[in-house]
1. What ranking, highest mean first, results for peptides 93-101, 67-75 when packing means the other Cβ atoms within 10 Å averaged over each residue?
2. Please list, in chain and number order, the residues 5+ apart from L79 or on another chain whose amide H is under 5 Å from its amide H, with Hs placed from the backbone.
3. Residue by residue through the stretch 219-227, what is 3J(HN,Hα) from phi via Karplus (6.51 cos²θ - 1.76 cosθ + 1.60, θ = phi - 60°)? Round to whole Hz and write x for glycine and proline.
4. Taking the stretch 50-202 as the region of interest, what is the percent of Cα-Cα pairs per 5 angstrom bin, listed from the shortest bin to the one with the maximum distance?
5. Summarise the accessible area of the chain (1.4 Å probe, protein heavy atoms) by the percent that is carbon and sulfur.
6. Taking every Cα atom in the chain, find the radius of gyration and the maximum pairwise distance Dmax, and write them in Å.
7. If you average the sequence gap of Cα pairs under 8 Å that are 6 or more apart and divide by the length of the stretch 1-73, what percent do you get for the contact order?
8. Across every pair of different alpha-carbon atoms, what Kirkwood hydrodynamic radius in Å does the stretch 64-148 reach?
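The values are calculated or read from the model by the stated rules, or taken from the named source; none is laboratory data. Quick caveat: nothing in here was measured; it's all calculated off a predicted structure. Here the Cβ positions follow ideal geometry from the backbone for every residue, glycine too, while neighbour counts run over all protein chains shown. The protein model used for the area step is the full one, side chains on, heavy atoms only, and it has no ligands, DNA or RNA in it. Shrake-Rupley method; radii C 1.70, N 1.55, O 1.52, S 1.80 Å.
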Amino acid sequence: MAVSIPFATEPEVDYGTAVEMAPGLRRVMAANPGKFTYRGTGTYIVGRGRVAIIDPGPGDADHINAVLAAVDGEEVEALLITHTHRDHSPASRAVGEATGAVAYGFGPHPAADTDDGQGEERGDLEFTPDAAVVHGDVVEGPGWSFECLHTPGHISNHISYRWREAAGVFTGDHIMGWSTTVIPPPDGNMTDYLASLRLLADSPDDRVYWPTHGPPVTEPHALVEALYAHRLDRERQIIRCLASGPQTIAEMVAVMYAAVAEELHEPAARSVLAHLIAMVSDGRVGTDGEATAEAVYWLDQ
């Protein structure tokens, strides 16, 4: 039986307008909707007067101007970057130059990410943080503080930020309320992703997640446990497919995602590959040579 995930929808958004999402929290939406971005990139502004911005967003002039208008007359002290896909980090350069804010992030775009540049998830190769952060670091300002949580899986340099005063987490693309997260090898790593899910699942005091795409998640632990169970169910589906004999990823995706729009089969295939890399590594599945998108797989038991 398939795992039921409590997804949330957001039928309408106001692009280019600062909307109050919670006390001390505003969001400016970029007009870049798509199959990876849902309604678009949500840039968050925390605080009043002296503020922090999470994920300044794409290098779109209209969005950058909207973000700067939202903080007009305020001092921007920190830009917190969850990761270096181009719908998240490029605007940090223009916003940083205009405000003098320090950009925090795990590091530059990973060399292992070999995305071909065809989708929203292509890399921001120009980003380098002004201040590199690692798991457990804290970024503080007047009335706000963020604990840095290294949450690799979707990409190896992904950081989530726990807003300690609000008992919530800005989860970037690691956890989204509207959809599962694509895990694209070779930099995307399913073993890391599952461990990162457990990191948040085992943090009982978090009351809300604010993903960069989609609405806030108000029942975070129910969602993260469902996402974890869903990934384990995908592994069971792979095993069921391979029980009938050796198969390619394309053959498995056609069965596993039969009810999903075909335009989503390509990102689904990348996540299946991430599962198979982990399953080949731990000896549950075999393949002739390396685990690749074109390889043939079989049960190795």
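1. On the way: 93-101: 16.6, 67-75: 14.8.
Per-residue Cβ counts within 10 Å, averaged per peptide and sorted highest first, yield 93-101, 67-75.
2. I53, V102, A103, Y104
3. 10, x, 6, 4, 5, 5, 5, 5, 5
4. Result, from short to long distances: 2, 10, 19, 23, 21, 15, 8, 3, 0 percent.
5. Working: 6400 of 12740 Å².
Here carbon and sulfur together make up 50 percent of the probe-accessible area.
6. Looking at the chain, its Cα Rg and Dmax stand at 19.3, 65 Å.
7. Details: 104 pairs, mean separation 17.7, N = 73.
It rounds to 24 percent for the stretch 1-73.
8. On the way: mean 1/r = 0.0722 Å⁻¹.
About 13.8 Å for the stretch 64-148.
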